[in-house]
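Single-structure report; data block below.
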4 protein chains.
Amino acid sequence: MNEPIIIQQAVPMKTSSLTQLQQQLREFARERDWEQFHSPKNLCMALTVEAGELQEIFQWLTEEQSRNLDDDQRMQAAQEMADVLLYLCRMADVLDVDLLAAAASKLENNNRRYPAEEVRGSAEKRR
Amino acid sequence: MNEPIIIQQAVPMKTSSLTQLQQQLREFARERDWEQFHSPKNLCMALTVEAGELQEIFQWLTEEQSRNLDDDQRMQAAQEMADVLLYLCRMADVLDVDLLAAAASKLENNNRRYPAEEVRGSAEKRR
Amino acid sequence: MNEPIIIQQAVPMKTSSLTQLQQQLREFARERDWEQFHSPKNLCMALTVEAGELQEIFQWLTEEQSRNLDDDQRMQAAQEMADVLLYLCRMADVLDVDLLAAAASKLENNNRRYPAEEVRGSAEKRR
Amino acid sequence: MNEPIIIQQAVPMKTSSLTQLQQQLREFARERDWEQFHSPKNLCMALTVEAGELQEIFQWLTEEQSRNLDDDQRMQAAQEMADVLLYLCRMADVLDVDLLAAAASKLENNNRRYPAEEVRGSAEKRR
C-alpha cells in the first residue's frame, strides 16, 4: 500500500488569532536567536518607538483631517499599528500575559468607572 | 398563568477575539457619546500615553529584572498592556483597519527582510 | 574685634543656565549613588515616559483648548516640561553632548531645509 | 563719493541661552506662517515623536553599550536630543513657561523628596 503523496506547499501564514500571532512571533525570534534581545524592557522600548512612529503621521493633522486619511496615509497607519501589535504580542508571550483577558477585565472596570448616564458627552472625565 | 421568573445575571463580558473587542469598544464609546473625542489623532495620543505608562514600570529595571517581574509588577504590566490594546483596537475600528491581517502581512515582510541564516544572533540588524 | 555676623540663609538654588542645571543634576545623582541607574538607555526611557505624562494633559483637548489652558493645566504642563528638561540635561551630561550647540546646529539645518518662501503656511512640509 | 562696500556675511546664528533659542524658534515659525500648526497639543505630539526617535537608538543596546556609544551613535543621539529641546522650547514659548525656573523648582522638590541618606543606591525609590 502506498504512502500518500505529500506536497510541501509554500503556504502563506494564516494568522487568525492573537494566540497564533504570538506563536508565530515566538518562532520568528527563536529561529533568529533573538530571544536574548527580547527582554520585556527592550520590547517595551520598541513598542513605544513604534507608537511614536504611528503618532508622527498625525502630529500636524487636524482632528478632522485625521478622520479623513487618504489611502496612503491609512496604509501607513495600518503598518505602524501592526508594528505596535507585534511588539505587544511578543511582550505578552514573554511575560505570559493573556492580552484578551486583560483587555476584557479593563473594559469591565471602565464600564463601572464611567457610567454612561454620568459621563455622557463630557470632556471632563477621562475616556 | 405566571410569568416566568427571570433572574438578572451579572454576566461577565466574553471577549474571545479582537473583532469582538472592537465591537465592545464601539458600543462603549457610543453609549457615552464619546465618538466625538475619538478622532484617530486623539486615540493615537492616548495609545502613546499608555505605552509610556507601561514603560514607566521598566525604566529603572535591568533587563534581567524585567525578565523576572514579581506578581504585582506583572499584574501592573498586564493592565497597561491592556490599555495599549484597547486604544489600538478602538483606533483600528475608527480607521477600518484589519489589525490581524496587517500584523500577518508585516510579519511576512519581516521574514523576508531578516532571513534567519543571515541575522542569527546579530545585534546589528533591527529586530 | 568682632566677627562679622553671618546669617545662614535658606538660599534657593539658582539655575541660570543649562550648564548649571547639568552640574546640579550630576551632583544630585552623585549624592544618591544613582549614577549606576543613569545609563543613557535608562535616562532616555525616563525622558520618553515624562513626554507621555506631558501628553496626557493634551490628549482629549482640542487644539484650541490647548492654546487656552487654565492656570492649573498650565502649571501641570510646566512641571512635566521641567521633568523632560531634567532628564534631557542629565542625558546630555552623561553623553557629553552640548545641548545648545546641537540645537543651534539643527535650527540652522532647518532654516536651509525649509526656505520660508517655499513652505509658507504649508501643511505639506514637515515643521 | 563712493558707497561703502558692504560684505554680505554668512553669520552663523549664536545661541547662547534657552531664551535666545526660544526667540529664534518664534521667528522661524513666524517667517513660515507656521504658528497656526504650533498648538501646544501638536507641539507636544512632535516632542514625544522625537523622544521616540531618540529611544530607537537605544532600544536594542545593553545599558553598558549605551554608555559606550561610538561617534556616529553619539552624533545621532545629539541630533535627536536637539529635536526634543527645540520642541520643548517652542512649547515653552507658546505656553509662556519659564523652563529653567520650572526645572529648578522641580529639582528642589526632588531634593526634599529623595533625601540622599535615605535613598542612597536604592533602586526602590524613583530616581
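The values are calculated or read from the model by the stated rules, or taken from the named source; none is laboratory data. Quick caveat: nothing in here was measured; it's all calculated off a predicted structure. Cβ placement follows ideal geometry from the backbone for every residue including glycine, while neighbour counts extend to all protein chains displayed. Surface areas here come from the heavy atoms of the whole protein model, side chains and all, with no ligands, DNA or RNA. Shrake-Rupley method; radii C 1.70, N 1.55, O 1.52, S 1.80 Å.
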*Taking residue A:53 as meeting all but one of (1) open to solvent by less than 10 Å² (accessible area, probe 1.4 Å); (2) within 18 Å of residue B:109 (Cβ to Cβ); (3) at the interface with chain D (Cβ under 10 Å from one of its Cβ atoms), write down the number of the exception.*
(1)
*Counting only residues that are closer than 17 Å to residue D:64 by Cβ, more than 8 Å from chain B (Cβ to nearest Cβ) and either in a helix (DSSP H, G or I) or open to solvent by 10 Å² or more (accessible area, probe 1.4 Å) (or both), how many does the stretch C:39-50 have?*
4
*Failed condition for residue D:111, given (1) polar (S, T, N, Q); (2) away from chain A (no Cβ under 14 Å); (3) more than 19 Å from residue C:23 (Cα to Cα)*: (3)
*Can you pull out the residues in the stretch C:15-38 that are part of a loop (DSSP other than H, G, I, E, B) and within 15 Å of the chain's Cα centre (by Cα)?*
C:15, C:16, C:17
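Within the stretch C:71-104, how many residues turn out to be assigned to a helix (DSSP H, G or I) and facing chain D (nearest Cβ under 7 Å)?
Count: 19.
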*asked:* Quick check on the stretch B:29-45. Is at least one of its residues touching a His at 6+ places or on another chain (Cβ under 6 Å), at pLDDT 95 or above and of a type in the set (Gly, Ala, Ser)?
replied: yes
_Residue list for the stretch B:95-127, restricted to those being out of contact with any Ser or Thr (no Cβ under 8 Å at 6 or more places or on another chain), surrounded by 13 or more Cβ atoms within 10 Å (Cβ to Cβ) and within 17 Å of residue A:77 (Cβ to Cβ)_ = B:95, B:97, B:98, B:99, B:102, B:105, B:106
*Among the numbered criteria (1) at the interface with another protein chain (Cβ under 7 Å from one of its Cβ atoms); (2) assigned to a loop (DSSP other than H, G, I, E, B), which single criterion is violated by residue D:68?*
(1)
*Can you tell me which of D:65, D:73, D:59, D:79 is of a type outside the set (Phe, Trp, Tyr), under 21 Å from residue A:48 (Cβ atoms) and buried (at least 21 other Cβ atoms within 10 Å of the Cβ)?*
D:59
*Kindly list, by first and then second residue, each pair from a residue in the stretch C:91-115 that is in contact (Cβ under 8 Å) with a residue 12 or more places away in the chain to a residue that is open to solvent by less than 30 Å² (accessible area, probe 1.4 Å) and small (Gly, Ala, Ser), limited to pairs with Cβ atoms under 8 Å and residues at least 6 apart or on different chains.*
C:94/C:39; C:95/D:77; C:95/D:78; C:99/C:92; C:99/D:82
